[in-house]
Structures are given as C-alpha cells and as structure tokens.
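The structure appears below as structure tokens.
Every number in this text was worked out from the coordinates using simple rules, so none of it is lab data. Because the structure is a prediction, the values reported are computed rather than measured. Because the Cβ atoms are built from the backbone with ideal geometry, glycine has one as well, and the counts that use them run over all protein chains shown.
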Amino acid sequence: MKQVIIMDKNGLHARPASEIVSLAKNFPGEVFLQKNGVKCNAKSIMLVMGMNLKCGDMVEVIALGDGAYEIEAAIEAAIKKTDEE
C-alpha cells in the first residue's frame, strides 16, 4: 500500500484519473484507491472520479497480486505527476 496526498489544486480530475485507470487495467491483479476507509476499484473511471479527490486529500493505493509494488509505485507517480503540471 502507498499513501499519496493529492497536491494538484484541481484535485484528481479526468486526465490523471484516466491515466490511473489505464495503468490499473493493464495490471492482472486487483487495484483499489481508498480514502477514509472508502475503497473503489481503480479499474473503473466512474468509481475513481466518484471518489471526488480534492487537493489535500490522502489516498491509499492498494494492489493485490504479483507485481503489486510496481503498480502501486506507477500509480503513485501518476498522481504526483499531476502536481507538477
């Protein structure tokens, strides 16, 4: 599990959410985003967008299966990348 704080002033909007979903869909195991105990399937754009992640929110990236650490790191990087744009 990786914990990431959303730092983009626009929160987790459509473009980064789409990138996260794309990464998650290419992973054979399960991938979730979790905020305050509420978990969603990171392979669903509707569920990811429905989390309404705002600037300052802490989200946990949870992957299950072979390569879990790598996909968690890739999704963490995708979230942090939005901070710089």
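Observations on the structure shown:
- Listed from fewest to most Cβ neighbours within 10 Å, the set MET1, MET7 follows the order MET1, MET7.
- Degrees between helix 14-25 axis and first principal axis of the chain (Cα, 0 to 90, nearest 10): 10 degrees
- Stretchable slack from GLU76 to MET1, in nm (0.36 nm times residue separation minus alpha-carbon distance): 26.0 nm
- Axis of helix 68-84 versus longest Cα principal axis of the chain: the two differ by about 20°, to the nearest ten degrees.
- Its residues counted as N, the stretch 2-84 yields a C-alpha radius of gyration over 2.2 N^0.38 Å of 0.95.
- Value of [θ]222 nm, deg cm²/dmol, for the chain, DSSP H segments ≥ 4, -39500 (n - 2.57) each, nearest 500: -12500 deg cm²/dmol
- Selection among GLN34, GLY67, ALA77 by position relative to the dipole of the stretch 2-84 gives GLN34 as farthest towards the positive end (Cβ unit charges, Cα centre).
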